[in-house]
């Protein structure tokens, strides 16, 4: 499970590996599992779109959004059949986390169950605020599932998910400790 927050757009993502962080091989495997009857061409088109969207993290104009991600350790340990591709996925997470606008933290299993266990994966989207004016778009919660997506923007709904995000930030160690945990999992794949 992944939770996150994108600012300016600010994105906070929690508990599941988020599409902005996936390698081609990993995304292909997820789409194959989600819909095994999908043709290879259909799957490749969806993967290409997903990978294209990742360019938002390195764009210059407008500037790249801030991306804060908390991933569950369980997600990192849940492998795909191709172990080499899984190691590449883990290394890719570290590469993306090195970007100046990205923060990646891993919620260790030892942290116990976060509030996010009740919400599942979500993304908090904060939109740019023009100088001296209110934002034209409210903060929005994005929920994706196997059949579609849901957008929530009522203040009480957003506040509930901001509370869950706060819980994740409290439980997850800092980026440096999280990087060590990802490195440990990579090493375990080579053992």
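Here is the figure for region 116-130: residues that are in contact with a helix residue (DSSP H, G or I) (Cβ under 9 Å, 6 or more places away or on another chain) and either assigned to a helix (DSSP H, G or I) or surrounded by fewer than 22 Cβ atoms within 10 Å (Cβ to Cβ) (or both) total 3.
You will find that of 49, 70, 87, the residue that is over 12 Å from residue 27 (Cα atoms) and assigned to a helix (DSSP H, G or I) is 87 and no other. State yes or no: is residue 113 within 20 Å of residue 168 (Cβ to Cβ) and surrounded by 12 or more Cβ atoms within 10 Å (Cβ to Cβ)? Taking the combined requirement at face value, the residue does not satisfy it.
Of everything listed in (1) over 18 Å from residue 117 (Cβ atoms); (2) in contact (Cβ under 8 Å) with a residue 40 or more places away in the chain; (3) part of a helix (DSSP H, G or I), the single unmet condition for residue 169 is (1).
FYI, it's all coordinate maths here, none of it is from the lab. Note that the structure is a prediction, hence the values are computed from the model and not measured. Positions of Cβ are backbone-derived with ideal geometry, glycine not excepted, and every protein chain shown enters the neighbour counts.
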